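Working notes, beginning with the structure itself.
The values are calculated or read from the model by the stated rules, or taken from the named source; none is laboratory data. Every value quoted in this text rests on a predicted model; they were computed, and no experiment measured them. In this analysis, Cβ positions are derived from the backbone assuming ideal geometry, glycine residues included, and neighbour counts consider all displayed protein chains.
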Amino acid sequence: MTEEYRNNERRNKGLVSELAIFFCIIIAVISIAVLLFFFRPQTIQEVISNVSRVKNTFSYYALGSKPHFYYLEMEKNGKSIRVDSNAALEVTYRDEFVVRSVCTDDLAGKSISIKVEGLSKSENDLGVLMRGVELVNKIIQKGALSQGGGIISDYFILVNFGSDLLAKIPMRIVITPQDWLRFAKDSSNVKVQIEYLTRAIALNKEDIGVRKILAGIYSRVGRIDEAISQYKDILAIKSDDSVALRELAKCYIRKKEYNRAIEFSRKLIKVKPGDADAYAELGYSLEKKGRWDQAITNYLQVVKIDPENHAVRFKLGDAYLHINKISQAIEQYKYIADHARSNDRDSARLALGDAYLRNKKYGDAIRYYKEVIKNQPKSAAVYANLAAAYAGKGRAQEELENLQTAAALSPDEAVIRFNLGVAYEKRKLDADAIKEYEFVLQLKPDDADAVERLADLFFKNKKFDQAVKYYEKMARTQPRNATVFSNLGFAYGEMKNYQLSAENYQKAIKRGAKNSILHYNLAYTYGKLGREKEAIAEYEKVSPPTKEVLGILAQYYLKEKQSAQAIKYYRKIVALEPKQAASYASLGYAYASLGEWDKAIENYLTALKYDREDDELYANLGEAYEKKDMYAEALKAYTDAYELNPESAKASRSIPRLKILLLQKKTQKTDKE
């Protein structure tokens, strides 16, 4: 028997064997169909529909054809399901599923494998538990959705026969608003949170809860306008939403748009009339608008609803203080001191001390400050306030000691150091005060009060070079302060810098200073600079003029041969000093310069009533008589002058001459007789 014959024989036997198996299957199927027809007629349709499967199975086994896929046997969230090739598996982040088996023509399934796209972790995912949350997270983390809405269909369960793809079962991945919200909550990146929440809102525009979360994030990061927009969208959906109304009021408070805050607080009160916080926010906004009485009304409503709301009681007390109802403020602070916890009690006692200090009840203020110090012995502020109370009592030593303690506890607190400087000043410890003010400037180089105190102290202590340094600094920050320029003028004058002295006096006058001393000082300075006419112009502005000023003016006009002007000023001197010989003597001299000898003689004689020891006065009287040809009277006046002062040149020259004149007149008279 040939080899070819033997091979043909084997093939024929194999074919007979396969045909035998096929016919056995056909007979079995027919038998089952008959049985189903008589006993389960409702399933006959399934049997008929599966006839093709018999054919396909025969082809696979008998003819070596590629197997066909029919369905997946799966378990989803604990329930068995079947997914065929025409269906899709819907997956959300809550779902868990596993492919238990794959129905194909390969009844043994040895060459069948599956791969779940996006979740696969091995060569074959058959029997492997898959979690929907992992795929949802992966999709969200990738960024923008590839399709509209919240459904993703880009992922499949791949059924493979060996290396060949047998089927692709689509998966419908459902992305819900809660997924974006979940990611937003899990992220610490605000930008990412906002992006996720915005996507969640896009999927469900009516979701108020997500909008509230997004608005809250906007508010927290200071994007107030965007927060407001979200809250307004919420109110468009639900007009009486109390959270949106409350948060809108808060947002407008942060923007200092108190009218809008008042509007939404009032709407909230209509929705929740018993909401203490709504009244508190309304009270705060009214307070910021300066409507104190209305603010107090709302704060009172808060404490009526919630008597233990100590924060609002503090606000109420402060509001009463603002409108100077100190007793009502004290009542609120006392309630807190009696009912609050220890920290709040101390705050209330401190407020009580401040209220009594303001009411000038210094003893009560001291008592409450001391109670606070028992529990807060390191509080510099309390010691500073206690010092103020002692100052009110006039107890300068206790004031100083408490400020020293406060400064030791808080050495870099500029206000305390400044007040300590003031306390040193009160006790005339100027050097110590200066040290404190200089230290204040180390802490706050632009502290205007410290600069002013230093300028004035150095000025007072005649340290003009130092005073100038601080006044110049004040002049830069207070360019309209006339007093600063006036003091600069004086200080520069004392330093003999008359040019700068005059310039600063001019600036003081230009800025409205109307001080006669200022005009006098400027006149004096002009005099030092040789600017006589400008000096006289300033002297004339001194009002009321002193004797010195009148004398300067009279002498100037006398020198300038403006005797009428000189007489005007001398007469004013006489009016000021009606019993002073010099006043009349000067007036007489002025009249003499005009040749009004009678008035000159009159004033000289008046002057002699008050001073008979003035030789020059007698000499001037003698000259006046002589001008009137009253030689005998002239000779007597000159003689009196000579007797008082033999060195009197006018008298010594005139006496011999007058004697000769009188002798000649006598001789002439005798000759006539």
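Summary table
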quantity: Among (1) assigned to a helix (DSSP H, G or I); (2) of a type in the set (D, E, K, R); (3) at pLDDT below 95, the one test that E308 misses; calculated: (1)
quantity: Top-ranked residue of the range 466-503 - restricted to ones that are charged (D, E, K, R) and closer than 20 Å to L518 by Cα, ranked as farthest from the chain's Cα centre (by Cα); calculated: K496
quantity: In the range 619-673, residue farthest from the chain's Cα centre (by Cα) [restricted to those that are among the β-branched types (V, I, T) and within 24 Å of A585 (Cβ to Cβ)]; calculated: I655
quantity: Positions within the range 313-345 being within 26 Å of G394 (Cα to Cα) and among the charged types (D, E, K, R), in sequence order; calculated: K325
quantity: Counted residues, the range 69-95 - those being free of Cβ contacts under 8 Å to residues at least 40 places away in the same chain and either in contact with a helix residue (DSSP H, G or I) (Cβ under 6 Å, 6 or more places away or on another chain) or farther than 16 Å from Y155 by Cβ (or both); calculated: 14
quantity: Positions within the range 104-114 being surrounded by 18 or more Cβ atoms within 10 Å (Cβ to Cβ) and either in contact with a Gly (Cβ under 8 Å, 6 or more places away or on another chain) or farther than 15 Å from V128 by Cβ (or both), in sequence order; calculated: T104, D105, D106
quantity: The range 357-375, residues that are of a type in the set (S, T, N, Q) and within 17 Å of S342 (Cα to Cα); calculated: N375
quantity: Hits in the range 572-581 - residues which are surrounded by fewer than 17 Cβ atoms within 10 Å (Cβ to Cβ) and either of a type in the set (D, E, K, R) or in contact (Cβ under 8 Å) with a residue 24 or more places away in the chain (or both); calculated: L576, E577, K579, Q580
quantity: Failed criterion for I536 (all others in (1) β-branched (V, I, T); (2) assigned to a helix (DSSP H, G or I); (3) under 30 Å from M474 (Cα atoms) hold); calculated: (3)
quantity: Filter result for the condition that a residue is at pLDDT 85 or above, under 30 Å from R254 (Cα atoms), among the aliphatic types (A, V, I, L, M) and crowded, with 16+ Cβ neighbours inside 10 Å, over A227, A167; calculated: A227
quantity: Residue list for the range 459-471, restricted to those being assigned to a helix (DSSP H, G or I), surrounded by fewer than 22 Cβ atoms within 10 Å (Cβ to Cβ) and touching a helix residue (DSSP H, G or I) at 6+ places or on another chain (Cβ under 7 Å); calculated: F459, F464, Q466
quantity: Residue match in the range 320-329 (condition: in contact with a His (Cβ under 8 Å, 6 or more places away or on another chain), in a helix (DSSP H, G or I) and in contact (Cβ under 8 Å) with a residue 24 or more places away in the chain); calculated: no
quantity: Listing of strands (runs of 3 or more DSSP E) fully contained in the range 18-93 that carry 3 or more residues being modelled with pLDDT of 75 or more and surrounded by fewer than 11 Cβ atoms within 10 Å (Cβ to Cβ); calculated: none
quantity: Identity of the residue in the range 201-213, in a helix (DSSP H, G or I) and either of a type in the set (S, T, N, Q) or at pLDDT below 85 (or both), that ends up farthest from I234 (Cα to Cα); calculated: L203
quantity: In the range 208-231, residue farthest from V243 (Cα to Cα) [restricted to those that are hydroxyl-bearing (S, T, Y) and in contact (Cβ under 8 Å) with a residue 24 or more places away in the chain]; calculated: Y218
quantity: Residues of the range 268-312 that turn out to be among the hydrophobic types (A, V, I, L, M, F, W, C), buried (at least 21 other Cβ atoms within 10 Å of the Cβ) and under 24 Å from D344 (Cα atoms), as a count; calculated: 7
quantity: Pair list, Cβ < 8 Å and 6+ apart or interchain, from the range 486-512 residues that are free of Cβ contacts under 8 Å to residues at least 40 places away in the same chain and acidic (D, E) to residues that are part of a helix (DSSP H, G or I) and surrounded by fewer than 23 Cβ atoms within 10 Å (Cβ to Cβ); calculated: E494/F464
quantity: Residue selected from the range 99-122 under the condition among the polar types (S, T, N, Q) and either over 15 Å from G162 (Cα atoms) or part of a loop (DSSP other than H, G, I, E, B) (or both), by the criterion modelled with the highest pLDDT; calculated: S101
